[in-house]
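Worksheet for the structure shown next.
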Amino acid sequence: MKQGLRPSAVVGRGDDASKRNSDKPLLQVDSVEASYGPYKALFGVSFSVAEGSAMALLGSNGAGKSTVSRVVSGLIPATSGRVIFAGQDVTGLSAWRIARLGLAHAPEGRSVFASLTVLENLQLTFRRSLGKEAVGDALAAAFSEFPRLGERQSQLAGTLSGGEQRMLALAKVLAVPPKLLIVDELSLGLAPIIADEVFERLDAIRSRGTSLLIVEQHVGRALELADRVVLLFKGQVSYEGPVSELGDLAHQVLPTQGSPAAGEQDT
Amino acid sequence: MSTFITYLIPGIPVGCVYALMAVGLVLTYKTSGVFNLAFGAQAYVSALVFYLSVESLGWPIWAGALVAILLVGPLVGVALDRMLFRHIRAAPSIVKLVVALALLIGIPTTMKLLFGNATRLNPPSIVANASQVYHFGAYYVSKGEIVTVAVTVVVVALLGALFRYSELGLHMRAVVESPRMLELAGVNADRVGTFAWGLSSFLAGLAGVLLAPLFSRVSSLDFTTLLVSAIAAAALGSLTSLPLTLLGGLLLGIGQAVLTGYLPLNSVLATGLRPAFPFVVLVLLLLALPGLRGSMEVIDPLSGCDPPPPPLAASVRDPRLDRVARIGFPVFVAAFVLSAMTWVPSFWVFILTQGIAFSIIFLSITVLTGMGGQISLCQASFAGFGAFAAGQLAMHLGLSVILGALVGAVAAAVLGALVALPALRLGGIALALATLAFALLADNVLFPLGWLGNGTTGVSVPRPVIGSISFAGTRAFFLLALVVLAACSAVVIMMRRGMTGRYLAAIRGSELAASTVGINVARAKVMVFALSAGLAGIGGVVYASTQGSVSPTDFNYFFSLVFVVLVVTTGVKTVEGAINAGMAYVILQQLLSYIPNHPAWLHRFSGIEILLFALGALGYVIHPEGMVEFQKRFWTERIARMLDRRGGHQPSEGSGLGGHGEALLEGKAPDGWRPSEGGGLGLRGGAAGLDGTQG
């Protein structure tokens, strides 16, 4: 799936973003360090995501991309540093509290409950965030937007195809737009045509006012959507700025881009 | 037909009792992924509290029931969740099973410690005039039975509704698969988990108080045996379906009652098959129901958030410490043997020999669980099988005990393979349950047979004689046992270093991946199971020969449970873990037997070693590699750092944590992650470990 950068589009986005960045940031990550047991993965990562913008978080295998997203959503505690989301210091808060502040995180790999049905997966999210009465309407809306899910609503989510599982994850988000959506390797293992569809949905979600933090190894699609980029290298930020100024840097830092090895996990 | 119904009717309330326990099991499993073998022990706690408050404190029945069911029951569950299960929510189901095992043996001991060991006869019933009988045509039903049936049906219906229609039920089902993903949906997974535990524990309490009057006394053993029947019922519901579980319980209770009615009294079938009926059903169900095997584990997609397991101490050891160990270990062994042969009182040499026998049995767990990644709850049965075989051969054919040991080992290995062949298709929890059923089958059916275990009389096993050398003396036999242990350890170490060990490590990592590189997973599993059973058989013979005789009570199912917990406590991955466990087991037991009988409260401490081991296994929650293994790594790293500071030179590659971190980022596995080559090192390190347990 080699996809070059489309210069004209990138420049356009970059200009767009500079306007947005004058707003106060929605998410601010400040010298965050984190480790898995004795193995340290992040060495002082700082960046910020402006309200309404889309940030691409890029890096090669093992650079710490997934770790950053896990720390932000509260799945892993930061050993030092701070995370500020929507004006509130969320460092050390449990994941469910952060989620209730309006942060949605679709983790890498399967991000739906395999042992629940499609319907139950949606109900789980809708019932908590919309209340019991609104669930019916939200379900109807989700199924009209994703007819495939409607057809398979009583099927276990674990039996869906990879693409359908991503759609289910996005359907949850679409009904209740969060302030920030973190998507981790959403295109991983998908056929290009399905990946395109996933990114179209992401664009739609963004146009409803949700900021995006896109964790990707496949640079092309992520950069098309994003207006700013954070490049991670060995657990540290090596570049943060608008896509337009990224230039050749991405190719230098991301040796695996577009290569078959890009399908591996990065923890 | 009417006789059939006469037999059938008393089976219904018993079946309801099974169902009530089974529903509790299913609830716990559905909501926490824990196959809660301690459920019976929890029921026992409530039954005991109810008995004590009514009989000893003289409370009214309703007050005692209220406290036991609504207060003590849920509190126990919430405490277990907060202290233990919350921390292993994302752990593999085997880890959870071990913790539940530890509770199963730890809770009754704790109760004994708290409330003494008096026999408590005739538990009161929660129902007034429970024995009042109602007539329906020609049939009789007592009031107590009606209440039991009614409560069971109501409970199952309410739980079914909770799961199907409520938001909480949805959360409870989701939390098993991935607590972290549930948190991402904005739900407090901890609270859901605590509620689920409180609820299932309430059920345990209810079952305990309702069931107690069925037995003549309040005893934890009755509840544990009852639990196996409940497991069979739960298996029929594939551990998920509540209505099927209820049906399973009923069928089991009725089947047992009808069987009792029709089988002639005192026949082998009646005395053997009737108590074993639930276990036979369980084994058949495990083999026949495909749903039980496939759907048992859904992997948490967010398990990557957990840190990787720490490396074995032996693999991070500084080369300088290695040199010390290389000299220190032979010195230690020589000193140990020399002391045992000279100044150590012969009684203690006898105790140490017992320790060696247990060490050999425990090696079988090292092989099966540490290397094979499987859990068997019938290792004691294999040990008993080996011992009985050797004893019977010596008695009837005059076969030498040494030869008998070999035959016994082979017989146990064949039996192991026979158990493993069907169990192969199971693995994980299903395998543990199948082996538990086999252990109970052995206890109830095989061992009482005259030509095998010879019932309560047992079998005498002489000390061996080789040529003109007799090993009848305590010290001589000690030496022989030590040689056997060394040989068994060598086999285990060689196996771990060789291809089989690598195969097993691969299978442990991923059966699928292992089979794609051409490893015959089924063969490797049968082999490891057979070898493990054989080792247990040899250990059993050594133990029997130490004692001079052996009876089925020496190796009943309870020992199998204790053994697993013990070895897990000390470290299931290394040979020295097994040896530590063996020595600690006999030495602690002996030391604690010196506790005087009075004052009476002091006597309660006599069985406390079980509790200590249970507590150790609970440490599994924090250090899955085993307490001893954890200490060892802690100290080797610490000493290495100390040496570095003193010597003033750079830490050697891979010994410091920083080194691992860097290596990880470079994308290559740090040293400690390589499959351990530390088999031999494990034994060498035994010097320090043994010292620790004896000192």
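The values are calculated or read from the model by the stated rules, or taken from the named source; none is laboratory data. Every value quoted in this text rests on a predicted model; they were computed, and no experiment measured them. Cβ placement follows ideal geometry from the backbone for every residue including glycine, while neighbour counts extend to all protein chains displayed.
Yes or no: segment B:37-54 includes at least one residue that is part of a loop (DSSP other than H, G, I, E, B) and of a type outside the set (Lys, Arg).
Scanning segment B:37-54, I find at least one residue that is part of a loop (DSSP other than H, G, I, E, B) and of a type outside the set (Lys, Arg), so the answer is yes.
Does residue B:103 meet the test of being under 18 Å from residue B:77 (Cβ atoms), more than 10 Å from chain A (Cβ to nearest Cβ) and either within 27 Å of the chain's Cα centre (by Cα) or of a type in the set (Lys, Arg) (or both)?
So residue B:103 passes the test.
For residues that are over 16 Å from residue A:195 (Cβ atoms), within 14 Å of chain B (Cβ to nearest Cβ) and modelled with pLDDT of 65 or more, scanning just segment A:215-267, find the one that is surrounded by the most Cβ atoms within 10 Å (Cβ to Cβ).
A:232
Check A:92, A:81, A:59 and return the single one that is small (Gly, Ala, Ser), more than 10 Å from chain B (Cβ to nearest Cβ), more than 17 Å from residue B:179 (Cβ to Cβ) and surrounded by fewer than 17 Cβ atoms within 10 Å (Cβ to Cβ).
Going through A:92, A:81, A:59 in turn, the sole match is A:92.
Which of the residues belonging to segment B:474-490 are within 27 Å of the chain's Cα centre (by Cα) and exposed (fewer than 15 other Cβ atoms within 10 Å of the Cβ)?
Within segment B:474-490, B:486, B:487, B:490 qualify.
If residue A:99 meets every condition in (1) at the interface with chain B (Cβ under 10 Å from one of its Cβ atoms); (2) small (Gly, Ala, Ser); (3) at positive phi apart from one, which number is that one?
(3)
Residues B:386, B:373: which one is crowded, with 24+ Cβ neighbours inside 10 Å and out of contact with any strand residue (DSSP E or B) (no Cβ under 6 Å at 6 or more places or on another chain)?
The match here is B:386.
Among the residues of segment A:227-250, write down those that are farther than 23 Å from residue A:44 by Cβ and small (Gly, Ala, Ser).
Selection gives A:244, A:247.
Taking the conditions exactly as written (at pLDDT 90 or above and either more than 20 Å from the chain's Cα centre (by Cα) or within 7 Å of another protein chain (Cβ to nearest Cβ) (or both)), does residue A:128 satisfy them or not?
Criteria not met by residue A:128.
Residues that are more than 8 Å from every other protein chain (Cβ to nearest Cβ) and under 30 Å from the mean Cα position of the chain (by Cα): which helices (runs of 4 or more DSSP H) entirely in segment B:156-223 hold 2 or more of them?
B:167-177, B:189-211
Mind checking whether some residue in segment B:90-104 is closer than 13 Å to residue B:45 by Cα, buried (at least 16 other Cβ atoms within 10 Å of the Cβ) and either touching a residue at least 12 places away in the same chain (Cβ under 8 Å) or polar (S, T, N, Q) (or both)?
Looking through segment B:90-104, at least one residue is closer than 13 Å to residue B:45 by Cα, buried (at least 16 other Cβ atoms within 10 Å of the Cβ) and either touching a residue at least 12 places away in the same chain (Cβ under 8 Å) or polar (S, T, N, Q) (or both).
Tell me which residues, restricted to segment A:208-244, are out of contact with any Pro (no Cβ under 9 Å at 6 or more places or on another chain) and without any contact (Cβ under 8 Å) to a residue 60 or more places away in the chain.
The answer is A:238, A:239, A:241.
What about residue B:421, is it assigned to a helix (DSSP H, G or I) and in contact with a strand residue (DSSP E or B) (Cβ under 9 Å, 6 or more places away or on another chain)?
Answer is no for this residue.
Condition check: at pLDDT 80 or above, in a loop (DSSP other than H, G, I, E, B) and in the same structural domain as residue B:573 (by TED's automatic domain parsing). Does residue B:381 satisfy that?
Judged against the criteria, residue B:381 is not a match.
Of the residues that make up segment B:82-97, is at least one among the hydrophobic types (A, V, I, L, M, F, W, C) and closer than 26 Å to residue B:15 by Cα?
Yes - at least one qualifying residue is present in segment B:82-97.
Specify the residue that is modelled with the lowest pLDDT; the eligible residues are those in segment B:389-425 that are surrounded by fewer than 21 Cβ atoms within 10 Å (Cβ to Cβ) and closer than 16 Å to residue B:280 by Cα.
Among those residues, the one meeting the criterion is B:422.
Do the conditions hold for residue B:555, that is, is it among the aromatic types (Phe, Trp, Tyr), modelled with pLDDT of 85 or more and farther than 26 Å from residue B:631 by Cα?
yes
Kindly list, by first and then second residue, each pair from a residue in segment B:18-37 that is assigned by TED's automatic domain parsing to the domain that holds residue B:157 and closer than 13 Å to residue B:247 by Cβ to a residue that is polar (S, T, N, Q) and buried (at least 24 other Cβ atoms within 10 Å of the Cβ), limited to pairs with Cβ atoms under 7 Å and residues at least 6 apart or on different chains.
Note: pairs meeting the criteria are B:18/B:229; B:19/B:152; B:19/B:245; B:22/B:245; B:23/B:245; B:26/B:245.
Is there any pair linking a residue in segment B:509-524 that is among the aliphatic types (A, V, I, L, M) to one that is not in a helix (DSSP H, G or I), with Cβ under 7 Å and at least six apart or on different chains, and which?
Cβ pairs passing all conditions: B:522/B:424.
Take the conditions within 14 Å of chain B (Cβ to nearest Cβ) and either closer than 15 Å to residue A:33 by Cβ or among the aromatic types (Phe, Trp, Tyr) (or both) and apply them to residue A:68. Does it pass?
yes
Among the candidates A:188, A:170, which residue alone is buried (at least 18 other Cβ atoms within 10 Å of the Cβ), within 13 Å of another protein chain (Cβ to nearest Cβ), under 15 Å from the mean Cα position of the chain (by Cα) and modelled with pLDDT under 90?
A:188
Please state which one of A:120, A:108 is at the interface with chain B (Cβ under 7 Å from one of its Cβ atoms), acidic (Asp, Glu), crowded, with 17+ Cβ neighbours inside 10 Å and in contact with a Leu (Cβ under 8 Å, 6 or more places away or on another chain).
None of the other options fit; the residue is A:120.
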